[in-house]
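Engineer: This structure is in structure tokens; I'll ask about it shortly.
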Amino acid sequence: MRVSQTSLTVYFDPPFWTGLFQRMDEDGCRVCKVTFGGEPRDQEVLDFLLRRWRELRFSPPVPPDRAAACLPNPKRMRREARKATQAAGTGTKAQQALQLQREQTKAEQSAVSKARRAEEQERKFALRQKKRRQKHRGR
């Protein structure tokens, strides 16, 4: 009895959505890459699997000793997926542009307030020095 395990990973590889099929069996790991174009919905992926599974051309098997490299660590996969979704951001390009503008304004305001604080500290220090000198003169 042949035991095989198949997995599908759908990811965004600019400018297209790509599906990566991995098939593990006794011979090793076989891989097939499919370009979907726009972001596929779950139903579209299921239809693709049902109608075109036999047409997929998998790579030659990678021997079992190297086949473990085909399946990445689940924690690493989760971390990379989270990183990929956070890097893209949410919203439209206009929303992303507004967010960038807000961040720039925030950075400018931070620099201005930092300079103002430093100036105020210098003024207070100068005032303390002046009072000290006046007290010293009064002796």
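Engineer: Could you give the accessible area per residue of the chain, probe 1.4 Å, as a whole number in Å²?
Structural biologist: Roughly 89 Å² per residue, with all protein chains present.
Engineer: Quote the FRET efficiency, to the nearest 0.05, computed for residue 108 versus residue 46 with a Förster distance R0 of 41 Å and r equal to the Cβ-Cβ distance. If you can, show how the numbers build up before the last one.
Structural biologist: Working: r = 50 Å, r/R0 = 1.21.
Working from the Cβ atoms, E equals 0.25.
Engineer: Nearest 500 deg cm²/dmol is fine: what mean residue ellipticity at 222 nm does the chain get from its DSSP H runs of n ≥ 4 alone, each adding -39,500 (n - 2.57), divided by its residue count?
Structural biologist: On the way: 4 runs with 75 residues, N = 139.
Computed ellipticity for the chain at 222 nm equals -18500 deg cm²/dmol.
Engineer: Which one is right for this structure if Kirkwood radius over Cα pairs in Å is calculated from it: (i) 21.0; (ii) 15.2; (iii) 17.1?
Structural biologist: Correct label, based on the coordinates given: (i).
Engineer: Tabulate in residue order the Karplus-calculated ³J(HN,Hα) for the stretch 12-28, using 6.51 cos²θ - 1.76 cosθ + 1.60 with θ = phi - 60°, rounded to whole Hz; enter x for Gly and Pro.
Structural biologist: Per residue, the Karplus-derived 3J(HN,Hα) values read 8, 10, x, x, 10, 8, 10, x, 10, 8, 10, 10, 10, 8, 4, 6, x Hz.
Engineer: Return, for the Cα atoms of the stretch 91-139, the radius of gyration and Dmax in Å, separated by a comma.
Structural biologist: 21.2, 71
Engineer: In degrees between 0 and 90, to the nearest 10, how far off the longest principal axis of the chain does helix 74-88 point, with axes built from Cα atoms?
Structural biologist: It is inclined by approximately 60 degrees.
Engineer: Separate question: What is the count of Lys pairs in the chain whose alpha carbons sit under 23 Å apart, if the two are 8 or more places apart or on different chains? The partial results should precede the final answer.
Structural biologist: Working: 33/75; 33/83; 75/83; 83/93; 93/106; 106/114; 114/124; 124/135.
So the count of such lysine pairs works out to 8.
Engineer: How far is it, in nm, from the label point at residue 121 to the one at residue 80 when both lie 7 Å from their Cα along the line to the Cβ?
Structural biologist: It works out to 4.5 nm between the two label points.
The values are calculated or read from the model by the stated rules, or taken from the named source; none is laboratory data. Quantities reported herein were computed from a predicted structural model and do not represent experimental measurements. Virtual Cβ from ideal backbone geometry, glycine too; neighbours counted across all protein chains shown. When the accessible area is computed, the model is the full protein with side chains, heavy atoms only, and any ligands, DNA or RNA have been set aside. Shrake-Rupley method; radii C 1.70, N 1.55, O 1.52, S 1.80 Å.
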